[in-house]
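Taking it in order: structure first as structure tokens, then the write-up.
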Amino acid sequence: MSEPVKVNRIIEEAAVLFSPDRTYLGEIRSHLELADVRIQIKKHGMSGYFLKWRNSEIQINKNGGINIWLDGFFDTYDKQLNVLLDLKTDS
């Protein structure tokens with residue numbers, strides 16, 4: 001009988017970060033990296049930064065907000081939480 005629980009390697013699809021003058025700044029590979037970039041932008045009140053993901057350009061406003069949240073865009077954690085929040089206790 002095989003073990004029903006295993007460790008899954010979950011890898012988010014990378015997004016590419018650009019400065020307002022369209023300079024490549026690097027790849028973002030996790031929601032933690034994305035949150036860190038958004039915090040930096042908010043902390044310094046910067047604007048014009050954006051991400052390229054799949055065929056979309058995603059703007060990050062000066063408050064760290066994202067102008068559009070596409071399905072599949074760093075949403076694995078949120079989807080997992082939705083599953084966990086639906087769990088019922090058996091007590």
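Here are some notes:
- Among L81, L51, L17, the largest mean-square fluctuation in a Gaussian network model of the chain (Cα springs under 10 Å) belongs to L81.
- Principal-axis analysis of the Cα atoms of the chain puts helix 31-44 at an angle of about 30° to the longest axis.
Computed from the coordinates by the stated procedures, all read-outs in this text should not be read as laboratory data. Computed from a predicted structure; not experimentally measured.
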